[in-house]
Structure formats: C-alpha cells, structure tokens
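Everything below concerns the one structure shown next.
The values are calculated or read from the model by the stated rules, or taken from the named source; none is laboratory data. Just so it is clear, the model here is predicted, and its values are computed rather than measured. With ideal geometry, Cβ positions are generated from the backbone for all residues, glycine too; neighbour counts draw on all protein chains shown.
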Amino acid sequence: MEYAPEDFNQAAINNGQRRINYALTKCDEKLVKAIEALKDAIAASPAGHTIDLKAVGDAINEVYGINGRVADIKPPGCDTTWN
C-alpha cells in the first residue's frame, strides 16, 4: 500500500503502532504456546524426567507477563482490530 508520509499526524502514527503492537503480541502468544507444547512433549518422553525444564517454564511465564503489559504502554497501547 502506498501512502504519503506527510499525511500522517501523531494520532495516525499511534494508531498504526497500536495495531503493530497487537500483531506482535499475537505472534508472541503463538510462539510461546508452541514452545510450551514442545516442552510438555519433552517432559512426557521417556527421558523427559531427567531433563530440567524449569528454566524453559520460567522463560515462558516471563514472556506471558511481558506480553500482557504491552497494552498498558500509553501511548500507544494495543488495537485489537488488526487482522
């Protein structure tokens, strides 16, 4: 899509950033769910009981916490209308 950069004011820039933030949080959620599923599969494997996955679980929890705070950053926050 072509646009004229001079047509964008701060409100338009913030709106665009809100949409980008939402898209990035959705991407993060999908990646973390995939890593979580992989961690669970490793833990359920025959050798899984010998593997320390605490650091992986801690990192997953940290990502969930940070990801949940993106919308709190004002401006711009998040806009869930992105598709």
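Checked against (1) modelled with pLDDT under 85; (2) touching a Phe, Trp or Tyr at 6+ places or on another chain (Cβ under 9 Å); (3) of a type in the set (A, V, I, L, M, F, W, C), residue 32 passes all but condition (1).
From the list 63, 70, 32, 56, the lone residue that is assigned to a helix (DSSP H, G or I), aliphatic (A, V, I, L, M), surrounded by 12 or more Cβ atoms within 10 Å (Cβ to Cβ) and in contact with a Ser or Thr (Cβ under 9 Å, 6 or more places away or on another chain) is 70.
Evaluated against (1) of a type in the set (D, E, K, R); (2) in contact with a Gly (Cβ under 6 Å, 6 or more places away or on another chain); (3) outside any helix (DSSP H, G or I), residue 18 falls short on exactly one condition, (3).
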